[in-house]
Amino acid sequence: MKEVSPAEGQALVQGGAVLVDVREPNEYSEIHAEGAQLLPLSELEARYAELPKDRPLVMICRSGARSARAGEFLLQNGYADVTNLAGGTLAWNEAGLPVVGGDA
């Protein structure tokens, strides 16, 4: 699966990709990348069909591990354009990109 830096991920989202946060709701409510759509990894198998197949997906979690697992699952289930955001929300925030919550 492709991996991108936070800046590259933001550029993909600005170009129409969907940013999918696979952390749990309590983590998401603490801090998340601006514009990220929450779909917890624990619900992914039941809800993945909610994600569009006609737009690129950029997967994000805390540090990149869960989002990579989620992305691999989507690729195995008919999604073609799935990218993992390396370093996750931690890296996104450290890069100074817009977040909701946290110290923002």
request  = Please find, within the stretch 14-32, the residue that is surrounded by the fewest Cβ atoms within 10 Å (Cβ to Cβ) out of those that are out of contact with any Gly (no Cβ under 6 Å at 6 or more places or on another chain) and of a type in the set (A, V, I, L, M, F, W, C).
outcome  = VAL18
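Rundown of residues vs (1) under 14 Å from ALA7 (Cα atoms); (2) at pLDDT below 95, yes/no style:
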residue: ASP54; (1), (2): no, no
residue: SER63; (1), (2): no, no
residue: ARG69; (1), (2): no, no
residue: LEU85; (1), (2): yes, no
residue: ASP103; (1), (2): no, yes
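Residue by residue, here is whether (1) crowded, with 21+ Cβ neighbours inside 10 Å; (2) under 12 Å from the mean Cα position of the chain (by Cα); (3) over 23 Å from GLY101 (Cβ atoms); (4) touching a residue at least 12 places away in the same chain (Cβ under 8 Å) holds:
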| site | (1), (2), (3), (4) |
| --- | --- |
| GLU34 | no, yes, no, yes |
| ALA49 | no, no, yes, no |
| GLY64 | no, yes, no, yes |
| ASP81 | no, no, yes, yes |
task = Could you identify the single residue in ALA68, ALA7 that is surrounded by fewer than 16 Cβ atoms within 10 Å (Cβ to Cβ), touching a residue at least 12 places away in the same chain (Cβ under 8 Å) and outside any loop (DSSP other than H, G, I, E, B)?
result = ALA7
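The values are calculated or read from the model by the stated rules, or taken from the named source; none is laboratory data. As the structure is a prediction and not an experimental result, all values here were calculated from the model. Every residue, glycine among them, receives a Cβ derived from its backbone with ideal geometry; neighbour counts consider all protein chains shown.
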